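The structure appears right after this line, and notes come after that.
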Amino acid sequence: MKPAPFDYYAPSTVEEACGLLAEAGGGATILAGGQTLMPLLALRMSQPFLLVDINRIAALKGISRSAGSTRIGPITRQNEAIADATLGSAQPLLVTAVKHVGHHQTRNRGTIGGSIALGEPAAELPATSVALGASVEVRSAKRGKRRIAAEELYLGPYATALEFDELVTDIHVPEWPTGTRWMFRELAQRPGDFALVGLSGAITVQDGKVSKAGLAWFGMGPTPIKARQAEAALLGQSLDRLDHAAIAELAVADTAPFDDHRATSEYRRTVGRRMFARALRETLEAKA
Amino acid sequence: MSKHQIHLDINGRAHDASVEGRLTLCDFLRGDAGYTGVHVGCEHGVCGACTVMLDGLAVRSCLMLAVQADGCSVTTVEGLCSGDGALHPVQQTLREEHGLQCGFCTPGVVMTLAALTQGEQKPSSETLINAMSGHICRCTGYQGIRRAALRLAGEALAPVEDHG
Amino acid sequence: MNQPEARTDRYIGKRQARSEDLRLLTGRGVYTDDVSLPGMLQVAFHRSPVARGLIRSIDTSAARELPGVFAVLTAQDLERYQPNMLSFFLAPPVVPVPLLAVDRVCYVGDPVAMVIAQDRYIAEDAAGLITVEYEEEAPVVTLDDARQGPLVHPGTESNVAAATGADELDPDLEELLNSAPHLEVIEMKHQRISQSPMEPRGVVAAPQGSGEMTVYLSCQGPQLAARWFSQAFDLPQTTFRVISKDVGGSFGLKGQPWREETAVVAAALILGRPLKWIEDRLENLTSANQAREQDMKLRVAFDLEGNLIASHADYGINNGAYPHGADSNIAVMMFLWAAHKLPAFNFSAKGWFSNTVGLGAYRGPWALESLAREVLLDRAARKLKIDPIELRRKTLITRADQPTMTPMGLALEDISPAECLEELLKKVDVAAFRIEQAEARKQGRYLGLGFATYIEPTAGTAGVIVLISESCHIRIEPTGKVSAVVSTHSQGHGTQTTMAQVIAERLGVPFEDVTVYEDDSSRGGYGSGAYGSRQAVAGGGACIRAADLMADKIRAIAAHVFEARPEDVFIRGGKVHILGAREQVYSLRDIADVAYAEPERLPEGMEAGLETQYRYCPPALTLTSAAHACVVEVDVDTGFVRILRWVSSEDVGNMINPAVVEGQVAGGLAQAIGQVLFEEVSYDARGNPTAVTYKDYMLPTIFDVPVFEYLHGASAPSQTEGGFRGVGEGGCIVGPPTLVNAIADALAPFGELKLEFPLTPPRLLELIEGRPMGRRHG
């Protein structure tokens, strides 16, 4: 299982990287953590002419906060993110989600940006980005910068709105208000496996009522699925009058799960419904 | 196909080589550098047999390219023994707990445990056992690996019963 | 006889730390891929992407022109070295097995061409440049396809690869079954399993001139492999030497060389260069011979007290296109009711060809017998309203019932599954569990307790030429060190340590002074290596006898040279002690000095030197018995299974090294858990394998395997030299029914478990919800 031949280059600036991507006209692939790309290369399912290794670009590192938003450099290693004190206090849901990604060893190389940009439907970080209302800033040589909301980023399994010549330079995650409760559940047969069903969510409670909700599924469709109907149903509700089962039903209504090697769509809906209801109850019963 | 000059430290010695872009780190370590203690079990990052330390962190060497290790410090299982041949505490503990049978997954297991027990503070058994979920062993049923992990975390074990 | 006295002399029964660990823990093992020879080239195969079809053309021109490619070979090029692809038992195949596909392909992964290049990267590049035109045909994939579909191998009469038993139903047996007060029927489908050792297959074939071929092979026995190559190739002028130092697991896969390994040897003979082929994981999961794809309908007649009246089994096993040996797996039938009081039994067992990867051995190939029987007994117990343990007590043959003969002609003298069960029940409080289970159910939690008993044929030799004996050659060097060449072979078994323990104890020398070699067919004598849980019994027996001969010789020399009575001479701690008015102590080196350098001082007629050997023939069969229990909790919201406790109660006879014994049981149990809950090699309707990586072929992790408890209280020495019993395969045989019965017990309130494996969460949730959960793909 050896990769097919390719040229390799490790630029040191974003400009250089974008130039290479543009020049390659679609024949280049970005190498970040490599934890997903390397197996694809080994199986020859991916055969780029050029591998652009972005791990040496300093501008793609770092975690910082400003103006109610957290900026995460895309090549931040997953284990670095877990250990980062800034991120721990600003984005606890994201940190919880990262802890579920792969294994300790893969998190030493795997990156935040890599997972977000890949668009694996059963992955934790894309769904968490959608739930939190995150966005990515991307750059291309020909068209400059643009910002894509996570909600608009994912088009299908491993298919995103990123053009072939675009590089993610920043991940922006809005900071949620005080009084936000975090909800994260994942059902996988073994640690590190693709989730059979998962959900990631943030629910802000003020004066005993839900003032904001961001909820997204993973493993329940071709992309992360924003549970819009459930979010809408939660808004303005007071905690002591919530019908968890009914909201769970609405949450599942937005999903489009597959039948695949591991589970059927009916299994996912059945389990997802229960998982959501229980998670909602436990999250909202807990003190903030 | 591009070729690259790399310079890296392997098991405490400087190493210079010219490598193709696509050469994986595990193939480089085994072939060019001669460290056959790095084992290749799956080449897609699931089994963990190829685990080495890169700048002190446990990584799957089948999921890296050799060229990416330029300027880095790599430790393989061969680099764990002290000069006088005494086993590293991780190796010693695994031996005492009968944590291996065929030995193929073992270097990877050793490197993850060694990476996590490097610091002054003992890691928790939860940390070590969680990290062991990144290794597949087909022989032992993980019994000895689990006991070794608990001991390395400083936990006392129920003694293994001897039978008449 | 040399009697060890001091505790320090006892090694048999000791949890001796393994000598091989010193190299394996430090990365100094030598596995086949660690072997590198000057001028060595690497091989990659071009394989068929279709399960069945005619080969219309093969174009290798682009591949041959790629820089770095040395040669590209197809079946035509290997013709002059086409061997007879013998089974493990050295029997010829029932259909011809080509090394590379000739004019048709028979499974996805069928090797069509081989590329030889300067490295594996280039070899794979070149393999990708080969174009083959196929005329695709509809493949025969499943057992049902094979029963009804077209011939897999043109020219055969049917797709039956092997058949035993009787096609026609016996009217008397049918009468017993149909008139029974209670008839229990189960139908089960068992999924295909990949042995999946962590080290895949591998070979380095190094021709040395025209007469010698050294083959470094990842195998289960270098002696057997060398014999296999010699007989298969039938090249009287060529000596095959097989070297196999460290092997990363096998579990039956590497019991004999097969097509790719042998193609590499043939190519090396043709090209005159050392050639290496290392199977990658994709190949291992899709092209290495696999196991366990079976179905069975089992009918059992009971009376209302639970006594067995009669039984019939109708069984099929998928042999794939090119099995290692065509097999109807008669051992399933021999052991299905062997330990139970069952007066009447008949069966039909058939192996079927199909357009899939061929059948290979996997730890306890006949294991379905225990799964079917134990699951059926529990079901019958539930329906007859008899406690499942009481049912076993009623039906199992006890020590008091022996000696006896099974309906299939197996002699039973010292089996003890019933006694193992009683030992088990001392540690598993069933009554307390039932109370706990009832309480938990009120809270919506579903706990289950499952039991299984079984007997296992180990170290079997009867009628199998390759398994008759094992040998041990011991020599004491002029330095006084003890070295032994044993025909055992470890792929994790620890035989370098266990055989040394036996030799050290019988000889009276420290364990550290004994070195065991078992890696080279040019050394020592023939043996099969690892197979059928035989090594402790057969290898241990050979080591005992060879060590006793050596001890006798040393004592005879000492008595003669130092003018003592033989009964006053002991070897202890590596020293020769002569009792008398004044005790004399000599080193082994002192004796060796005489034996090698001063043979004139030896007793009259005694051969010089200190070298002994013994070829031990164990009894025809040595049976091991066990009873296991496990406790599970099934999460009825998700169908996930958590194993809370697992206890094994075994009669493994005398143990050489309890840590090794328990390690074998644990490994087998982990594989059982994998088989019941996670693992599946599956094919789609076109014969494409769908689990091609470890993302889809799921092996159990540390979180999936509990801490095992072991009881050896029921152990009794066997009739073998040493009193040992085999233990290698047992966990994989008794494990699955133990777990399945626990899950069935947990979910009994919801109904009967459907016997389709693996028992994935969606399958279990289907039972729990009482409604279909849909069909999985693949």
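The values are calculated or read from the model by the stated rules, or taken from the named source; none is laboratory data. Because the structure is a prediction, the values reported are computed rather than measured. Heads up, the Cβs are rebuilt from the backbone with ideal geometry, glycines too, and the neighbour counts pull from every protein chain shown. Remember, those area values only see protein heavy atoms, side chains included, never the ligands or the DNA or RNA. Shrake-Rupley method; radii C 1.70, N 1.55, O 1.52, S 1.80 Å.
Here are some notes:
- Those residues of the range C:194-229 which are of a type in the set (S, T, N, Q) and modelled with pLDDT of 95 or more, in sequence order: C:Ser194, C:Gln195, C:Ser196, C:Thr214, C:Ser218, C:Gln220, C:Gln223
- Hits in the range C:304-340 (condition: among the charged types (D, E, K, R) and either surrounded by 24 or more Cβ atoms within 10 Å (Cβ to Cβ) or touching a strand residue (DSSP E or B) at 6+ places or on another chain (Cβ under 6 Å) (or both)): C:Asp314, C:Asp327
- Residues in the range C:702-726 that are within 13 Å of chain B (Cβ to nearest Cβ), assigned to a loop (DSSP other than H, G, I, E, B) and open to solvent by 10 Å² or more (accessible area, probe 1.4 Å): C:Pro706, C:Val707, C:His712, C:Gly713, C:Ser715, C:Ala716, C:Pro717.
- Selection count where residues are within 13 Å of chain C (Cβ to nearest Cβ) and touching a residue at least 24 places away in the same chain (Cβ under 8 Å), scope the range B:21-41: 14
- The condition of being in contact with a Ser or Thr (Cβ under 6 Å, 6 or more places away or on another chain), modelled with pLDDT of 95 or more and open to solvent by less than 40 Å² (accessible area, probe 1.4 Å) holds for only one of A:Ile54, A:Ile116, that being A:Ile116.
- For the range A:277-286, the count of residues that are farther than 19 Å from A:Thr96 by Cβ and of a type in the set (Lys, Arg) is zero.
Conditions tested, residue by residue: (1) more than 10 Å from chain B (Cβ to nearest Cβ); (2) open to solvent by less than 20 Å² (accessible area, probe 1.4 Å); (3) touching a Ser or Thr at 6+ places or on another chain (Cβ under 8 Å).
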position	(1), (2), (3)
A:Asp7	no, no, yes
A:Ala10	no, no, no
A:Thr13	yes, no, no
A:Glu16	yes, no, no
A:Leu20	yes, no, no
A:Thr29	yes, no, yes
A:Gly34	no, yes, no
A:Ser46	yes, no, yes
A:Leu50	no, no, yes
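- Each residue in the range C:90-136 was checked for being touching a residue at least 24 places away in the same chain (Cβ under 8 Å) and of a type in the set (Phe, Trp, Tyr), and 2 pass.
- Every residue from the range C:155-208 that is touching a helix residue (DSSP H, G or I) at 6+ places or on another chain (Cβ under 7 Å), more than 14 Å from every other protein chain (Cβ to nearest Cβ) and assigned to a loop (DSSP other than H, G, I, E, B): C:Asn159
- Spans of helices (runs of 4 or more DSSP H) in the range C:341-450 with at least 2 residues at pLDDT 95 or above and buried (at least 21 other Cβ atoms within 10 Å of the Cβ): C:368-384, C:388-395, C:417-427
- Only a single item in (1) in the same structural domain as C:Gly770 (by TED's automatic domain parsing); (2) farther than 26 Å from C:Asn657 by Cβ; (3) aliphatic (A, V, I, L, M) is not met by C:Val576, and it is number (1).
- Among the candidates C:Val636, C:Val641, C:Val594, C:Val632, the residue that is closer than 21 Å to C:Leu507 by Cα and either touching a strand residue (DSSP E or B) at 6+ places or on another chain (Cβ under 6 Å) or surrounded by fewer than 22 Cβ atoms within 10 Å (Cβ to Cβ) (or both) is uniquely C:Val594.
- Of the residues making up the range B:97-125, those that are farther than 23 Å from B:Ser61 by Cα, touching a residue at least 12 places away in the same chain (Cβ under 8 Å) and either surrounded by fewer than 24 Cβ atoms within 10 Å (Cβ to Cβ) or of a type in the set (A, V, I, L, M, F, W, C) (or both) number 5.
- The set of residues in the range A:177-231 that are away from chain B (no Cβ under 14 Å), surrounded by fewer than 22 Cβ atoms within 10 Å (Cβ to Cβ) and in a loop (DSSP other than H, G, I, E, B) comprises A:Pro177, A:Thr178, A:Gly179, A:Asp207, A:Gly208, A:Gly221, A:Pro222.
- The residues of the range C:264-292 that are over 25 Å from the mean Cα position of the chain (by Cα), away from chain B (no Cβ under 14 Å) and assigned to a strand (DSSP E or B) amount to a single one, C:Leu275.
- Test: residue in the range C:264-279 that is open to solvent by less than 30 Å² (accessible area, probe 1.4 Å) and in contact with a Cys (Cβ under 9 Å, 6 or more places away or on another chain): no
- For C:Asp745, the conditions (1) open to solvent by 10 Å² or more (accessible area, probe 1.4 Å); (2) within 14 Å of chain A (Cβ to nearest Cβ); (3) assigned to a helix (DSSP H, G or I) all hold with the exception of (2).
- Scanning the range A:143-170 for residues that are in a loop (DSSP other than H, G, I, E, B) and open to solvent by 90 Å² or more (accessible area, probe 1.4 Å), we see that the one that is nearest to A:Ile225 (Cα to Cα) is A:Tyr158.
- Which numbered condition C:Glu305 fails, given (1) of a type outside the set (S, T, N, Q); (2) more than 30 Å from C:Leu377 (Cβ to Cβ); (3) part of a loop (DSSP other than H, G, I, E, B); (4) in contact (Cβ under 8 Å) with a residue 40 or more places away in the chain: (2)
- Residue within the range C:28-40 that is within 14 Å of chain B (Cβ to nearest Cβ) and among the small types (Gly, Ala, Ser) present: yes
- Being in a strand (DSSP E or B) and either open to solvent by less than 10 Å² (accessible area, probe 1.4 Å) or polar (S, T, N, Q) (or both) is a property that C:Ala113 has.
- Scanning the range C:728-738 finds one or more residues that are in contact with a helix residue (DSSP H, G or I) (Cβ under 7 Å, 6 or more places away or on another chain), part of a loop (DSSP other than H, G, I, E, B) and away from every other protein chain (no Cβ under 12 Å).
- Residues considered: A:Thr204, A:Thr169. Of these, the only one that is touching a helix residue (DSSP H, G or I) at 6+ places or on another chain (Cβ under 9 Å) and more than 30 Å from C:Tyr694 (Cα to Cα) is A:Thr169.
Okay, residues lined up against (1) outside any loop (DSSP other than H, G, I, E, B); (2) more than 16 Å from C:Arg15 (Cβ to Cβ); (3) touching a helix residue (DSSP H, G or I) at 6+ places or on another chain (Cβ under 7 Å):
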{"residue": "C:Thr498", "(1), (2), (3)": "yes, no, yes"}
{"residue": "C:Val502", "(1), (2), (3)": "yes, no, yes"}
{"residue": "C:Arg506", "(1), (2), (3)": "yes, yes, yes"}
{"residue": "C:Val516", "(1), (2), (3)": "yes, yes, yes"}
{"residue": "C:Gly524", "(1), (2), (3)": "no, yes, no"}
{"residue": "C:Gly527", "(1), (2), (3)": "no, yes, yes"}
{"residue": "C:Ala536", "(1), (2), (3)": "yes, no, yes"}
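So that you can scan it fast, the table gives a plain yes or no per residue for (1) touching a residue at least 24 places away in the same chain (Cβ under 8 Å); (2) within 10 Å of chain C (Cβ to nearest Cβ); (3) hydroxyl-bearing (Ser, Thr, Tyr):
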residue	(1), (2), (3)
B:His44	no, yes, no
B:Gly48	yes, yes, no
B:Val52	yes, no, no
B:Ala66	yes, no, no
B:Asp70	yes, no, no
B:Thr75	yes, no, yes
